[in-house]
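The values are calculated or read from the model by the stated rules, or taken from the named source; none is laboratory data. Not measured: the values here are computed from a predicted model. Here the Cβ positions follow ideal geometry from the backbone for every residue, glycine too, while neighbour counts run over all protein chains shown.
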Amino acid sequence: MEHQLTAIFESGILRPLQVLELPEHATVTIQIHQVVPAAETALHRQKLHATLKAANLVRHEGSKAQYSRKLSVSRRTELARRLAVGKPLSEVIIEEREG
């Protein structure tokens, strides 16, 4: 049986928002996808665009923004530092392999 449900994480416990029709002591596999509110996504996009604009990596032509693809190593490093949202992907992969 496979189905998708929404849960809230509180005090270290996942609390499903729907009733689970599972037998007692059933073993399940859980795959986590964090739901990001639309307002938070829009704010992140605005921050990203403002950073690229400040770095002179975006220019407006008509109604669409166009992004330059040429970045120096130092510029790429600076943008990565400014836009970092969490751990580097390499750290995440290492943790998953060790866990």
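Scanning the stretch 16-27 for residues that are surrounded by 10 or more Cβ atoms within 10 Å (Cβ to Cβ) and either among the β-branched types (Val, Ile, Thr) or over 13 Å from residue 2 (Cα atoms) (or both) gives 16, 18. Per the conditions (1) surrounded by fewer than 11 Cβ atoms within 10 Å (Cβ to Cβ); (2) at pLDDT below 75; (3) under 23 Å from the mean Cα position of the chain (by Cα), the sole criterion not satisfied by residue 96 is (2).
For the stretch 53-91, filtered to residues that are modelled with pLDDT under 75 and β-branched (Val, Ile, Thr), the residue that is nearest to the chain's Cα centre (by Cα) is 85.
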